[in-house]
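What follows is one structure encoded as C-alpha cells, with my remarks underneath.
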Amino acid sequence: DHHVNYGSGSGLQNRVAFVQNDPSQYDASIRLADLQVSDTGTYQCRVKKNTVAVHEVIVTVQEKPATPQCWTEGELTEGSSILLRCYSR
C-alpha cells in the first residue's frame, strides 16, 4: 500500500523511510535512522498483490556502554603486584 505503519506511540514517524522511492518496484526495504534502545522489537513486512505475504524480523538494539572508570589497587613499585579494576554500566 506504499506506506509505513508506525504503530501507536512508537516515535518512529520521522526516522523510517523506504530505501527506494517507489516500493512497488520490488524493493520495499526500509531504513531506520537514529537507532535507539526503545526501537527493539518485532518488525513486519506485509506485501499485498493478489495474496498477502508477511515476513517478521526481530530487531535488538543494544546500548553502547559508558566509558569505563578504571583505577589501580596496590603499591606502584617495581616488583610488587597491583590490581587494575575497571567498571562500566
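Here is how the numbers come out for the structure above:
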| quantity | calculated |
| --- | --- |
| Pair list, Cβ under 6 Å, 6 or more apart: region 20-48 residue under 17 Å from GLY7 (Cβ atoms) and of a type in the set (Phe, Trp, Tyr), other residue open to solvent by less than 90 Å² (accessible area, probe 1.4 Å) and not in a helix (DSSP H, G or I) | TYR43/VAL57; TYR43/VAL59 |
| Residues (in contact with a strand residue (DSSP E or B) (Cβ under 6 Å, 6 or more places away or on another chain) and open to solvent by 80 Å² or more (accessible area, probe 1.4 Å)) located in region 63-72 | GLN69, TRP71 |
| Identity of the residue in region 30-62, of a type in the set (Asp, Glu) and surrounded by fewer than 10 Cβ atoms within 10 Å (Cβ to Cβ), that ends up nearest to GLY11 (Cα to Cα) | ASP34 |
| Any pair with Cβ under 8 angstrom, 6 or more apart, that starts in region 76-89 at a residue that is under 30 Å from GLU63 (Cα atoms) and modelled with pLDDT under 90 and ends at one that is open to solvent by less than 80 Å² (accessible area, probe 1.4 Å) and of a type outside the set (Phe, Trp, Tyr) | TYR87/PRO68; TYR87/CYS70; SER88/ALA66; SER88/PRO68; ARG89/ALA66 |
| Hits in region 1-24 (condition: open to solvent by 70 Å² or more (accessible area, probe 1.4 Å), more than 30 Å from PRO65 (Cα to Cα) and either at pLDDT 80 or above or part of a strand (DSSP E or B) (or both)) | GLN20, ASN21 |
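The values are calculated or read from the model by the stated rules, or taken from the named source; none is laboratory data. Please read these numbers as outputs of a predicted model, since none were measured by experiment. Glycine also receives a Cβ, built like all others from the backbone with ideal geometry; neighbour counts cover every protein chain displayed. Accessible surface is based on the protein model in full, side chains and every heavy atom, while ligands, DNA and RNA are left aside. Shrake-Rupley method; radii C 1.70, N 1.55, O 1.52, S 1.80 Å.
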